[in-house]
Amino acid sequence: MIGIVFGLRLGRWGVVGFSLAGLLLVFAQTAGFYQVAGTTPGARAAFGSAMATLAAQLVALFPPPLRPDTAGGYAEFRGFHPLAVLFAVWALASATGFARGDEERGVVEAALATGTSRIALIASRTVGFALAVTVASAAAAAGFLIGVASGHETAAVQGVVEEAALLAVIGVACYTLSLFVAQMAGPRLATAAAGTLLLALFLDNSLSRAMSSLTAWRWLSPFRYYDLSQPLPPGGHFDARAFLVLIGISVLATAAAAAAFMRRDLGASLIRLPSIPHRPSYDVTAAPWWGVAVARGLYERRLGLLAWSAGMAVMALSFVALTKTIVQVLLSIPSLLPYLSIFVHQQLYPAVLGYTWFNVAELMFAAFAITYVARWSAEDSDGRLEIFLSQPLSRAGIVLERMAVLAAGAVLIAAVSGAVLFYASHQQGIDLNAQRLTAASLMLVPFALVFAGAGSLLAAWNPRAAVGLLGAFAFASYLDTELGTIYKFPVWLLDLSAFKLFGAPLLNGVNGRNLALMLLLALAGIGSSILAIQRRDVGA
Amino acid sequence: MLREMAVAAISTSQLTKDYGAGRGLFDLGLHVSQQEVFGYLGPNGSGKTTTIRLLMGMIRPTNGSAHVFGLDCVRDAMEVKRKVGYLPGDIPQFGSLRGDEVVAYLGGMRGGVDRRHVRAIAERFDLDLNRRFREYSSGNKQKLGILLAFMHRPELLILDEPTSGLDPLNQQEFYELLRETRAGGATIFLSSHVLSEVEHVCDRVGILRRGRLVKVAELGELTRIRVHHVEVEFAPGEEVPAERLRAAEGVEDLSVEGQRLRCTVHGNFDALLEAISGSRVIDLVSTEPSLEEFFLSFFGEPKPKALPS
């Protein structure tokens, strides 16, 4: 019991943050439905049809909605499905944080020294996360109920409970799978390995909706069993067997993680690569990059940059492959043809690719910036910043070097993914405007810098809270774009969102005003973070 | 040159960092001369690390000022750090970087690091720089911290509890390195909560208590005020010279149990050794008191609750 409480205590900010995120996202989407869907049956049917069209473009990410002309169907599609992805990321961070982060900090060693068995430790932390994700799912369900109440309607309680239970159990399944993988891989690779597995399982299921070759393999993915239920809309269904399969996956993965944990040494991985013969040395490396300000930071993060570049390149390839399928689906809807010819000026492929790929790329670049901010916060709390500052470097210099490393990394990833996108599109017979693609890909750099600037300020002001607050900022920016038109936010408020400022550069070219605003926001973040770090006590 | 020599390596005036609730550092006035080895002694939470962080410009004073070689620690922080080698109390985590990469990283930030000097220190402490930081034991992490502080031959070394985690052999090697560095013209400011450590290497000692500097003593004075718990076991049948010992200068709290005698010795051991000379002693153990006990003895303060009765 004490282990469960301890696990909840360590992850309390995650519980609070994700509960709030769930509550707000689902409430905003549900309440927003009543703003945009109309009140007459005809208006709602037309809205449902438009949503189905939108869903066809997003089929590679989320399952097609059931009854999007109802609050339940709409909230499930726009609220709960994205939350499942968000909770998977939370599960990944929590599981690898426990298995590797807590182990490196000595928390696991201290817990085992109290006489707690390894099985009990794994079980207590898993139960702790299950409770946490249940609370967050209940908050999301509460958001739905409040949203429905705002539209003067009622919802079937059973469906809401089933939706929350599904959300919780997919979170637990992702947690236990990540926990298992983290036992296999070493501390450096645990998060990357577990993240790769979850991404692969997610894509296995989501891409199978568009690629028939993958349908034979989607039974492997827990997300498949999540998709099989759609309990919220009228006429929806809850697949109890699929739900039990998710519970079974969680139990099996927990047992496997416990077995692996019992067989490995603390600090080591179960799978150990043959070690290279060690040759002691008393010499300092003569590699020249350590003496060059930005080069040393890039070199230190080389594996991460390689993984990000490779991951984004693979995603770019997948999205190009998907584009053909999506376009065929769109062209098969006769009512859409006038819209397509008017609004996208026959540039259907760039329009779809620009919408799907760059939407995902924006999220990934925001996540990229958040990982860097997490590192800056860690540097502050574990004493690296103190030892950096004991060298003759100014605090402003350190902030600028951090930003330059992030910008250079972002340029590299944008260039690699942009080049792969261009090459793969060309191979598929989709001719993209090279200049626009270059500009659109490079727009991801100032986009990342907006988040990095905000993160830099937060890390300078309060490093412990920086990642959570930046996550909330990114979430708010996303909501700003999502809900701005529904709730008719003022332009200045919309302009604070980098997601909105990014626009559709592949289709419409780069908007100079928006680019300038993004750079201004980034500079404001950098400037204020320099001021904030000058005044702050370090190490105290 | 003469003018430069006259500047104090460290000087503070009414230096205060107030964290509230009586915590922090208050009205510190300190003067450390060039080429001096200054020990900064105090129990946990007494303000040693706060002083060091103020000198390094990591934190800003609430009041007062601190200077290193005449340079203001806040205004001229960059210039100060060029002259200083710093060992923090806790060595930060460098994860999967190898030892040589950590040195190259921080050496690259600083510039002008002599690779031969680095090699000499690494060899001296038998520190394998080809291992990842994550694989280092706590002692090896401390050795790396020492190497990072000494790598650029600084004029002033500010070392926060430098021997924590080092085994006795490496502690001796470290003391030897300090002596050589001082002989080479450097000034050393080291904090500790171990009395015997500062006695090993320091010219003067500043004693900090509850955020205030309560005493600055020469090494000789420290020796006079030091206290040891002594236990002497006499050979079977040998008469225990209790009366002679009671009369001996500096010997107090004497108790006898069979052939075993326990007492407290203030200052040096001359009187005790003279009192037991001629007796057959089969065992003699001298234990250094904790810093709290030292304060108890030195300042006559009531015994803290945490101390065993």
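Within segment B:167-182, residues that are open to solvent by 80 Å² or more (accessible area, probe 1.4 Å) reach partners that are hydrophobic (A, V, I, L, M, F, W, C) with beta carbons closer than 8 Å, at six or more positions or on different chains, in the pairs B:179/B:201.
Restricting attention to segment A:269-286 and to residues that are surrounded by 14 or more Cβ atoms within 10 Å (Cβ to Cβ) and at pLDDT below 90, the residue that is nearest to the other protein chains (Cβ to nearest Cβ) turns out to be A:285. The set of residues in segment B:57-81 being in contact (Cβ under 8 Å) with a residue 24 or more places away in the chain, part of a helix (DSSP H, G or I) and within 8 Å of chain A (Cβ to nearest Cβ) consists of B:81 alone.
Test of understanding: among A:360, A:344, which residue is at pLDDT 85 or above, touching a helix residue (DSSP H, G or I) at 6+ places or on another chain (Cβ under 9 Å) and assigned by TED's automatic domain parsing to the domain that holds residue A:532? Within the list A:360, A:344, the selection yields A:360. Scan segment A:425-440 for residues that are open to solvent by 10 Å² or more (accessible area, probe 1.4 Å) and assigned to a helix (DSSP H, G or I) and jot them down. Passing the criteria: A:426, A:427, A:434, A:435, A:436, A:438, A:439. Count of segment B:33-42 residues, restricted to those that are small (Gly, Ala, Ser) and in a loop (DSSP other than H, G, I, E, B), is 2.
Being surrounded by fewer than 19 Cβ atoms within 10 Å (Cβ to Cβ) and at pLDDT 90 or above narrows it down to one of A:26, A:16, A:36, A:85, so name that one.
Residue meeting the stated conditions: A:85.
Is segment B:122-132 home to any residue that is facing another protein chain (nearest Cβ under 7 Å) and assigned to a helix (DSSP H, G or I)? There is at least one residue in segment B:122-132 that is facing another protein chain (nearest Cβ under 7 Å) and assigned to a helix (DSSP H, G or I). For segment A:485-540, a residue qualifies if it is among the small types (Gly, Ala, Ser), in a helix (DSSP H, G or I) and either at positive phi or within 14 Å of chain B (Cβ to nearest Cβ) (or both), and exactly one does: A:532. Checked against the criterion of being in a loop (DSSP other than H, G, I, E, B), at pLDDT below 95, at the interface with another protein chain (Cβ under 9 Å from one of its Cβ atoms) and open to solvent by 10 Å² or more (accessible area, probe 1.4 Å), the candidates B:112, B:45, B:95, B:108 yield just one match: B:95.
Put simply, of A:24, A:54 the only residue that is of a type in the set (A, V, I, L, M), in a helix (DSSP H, G or I) and not assigned by TED's automatic domain parsing to the domain that holds residue A:226 is A:54. When residue B:27 is tested against (1) outside any loop (DSSP other than H, G, I, E, B); (2) surrounded by fewer than 16 Cβ atoms within 10 Å (Cβ to Cβ); (3) within 11 Å of chain A (Cβ to nearest Cβ), only condition (3) is not met.
Filtering segment A:163-170 for residues that are within 30 Å of residue B:93 (Cβ to Cβ) and not in a loop (DSSP other than H, G, I, E, B) leaves an empty set.
I'd like the full set of residues that are part of a loop (DSSP other than H, G, I, E, B) and more than 13 Å from residue B:87 (Cα to Cα), limited to segment A:374-394. The answer is A:382, A:392, A:393, A:394.
The values are calculated or read from the model by the stated rules, or taken from the named source; none is laboratory data. In this text the structure is predicted, and so the values were computed from the model without any measurement. Positions of Cβ are backbone-derived with ideal geometry, glycine not excepted, and every protein chain shown enters the neighbour counts. Surface areas here come from the heavy atoms of the whole protein model, side chains and all, with no ligands, DNA or RNA. Shrake-Rupley method; radii C 1.70, N 1.55, O 1.52, S 1.80 Å.
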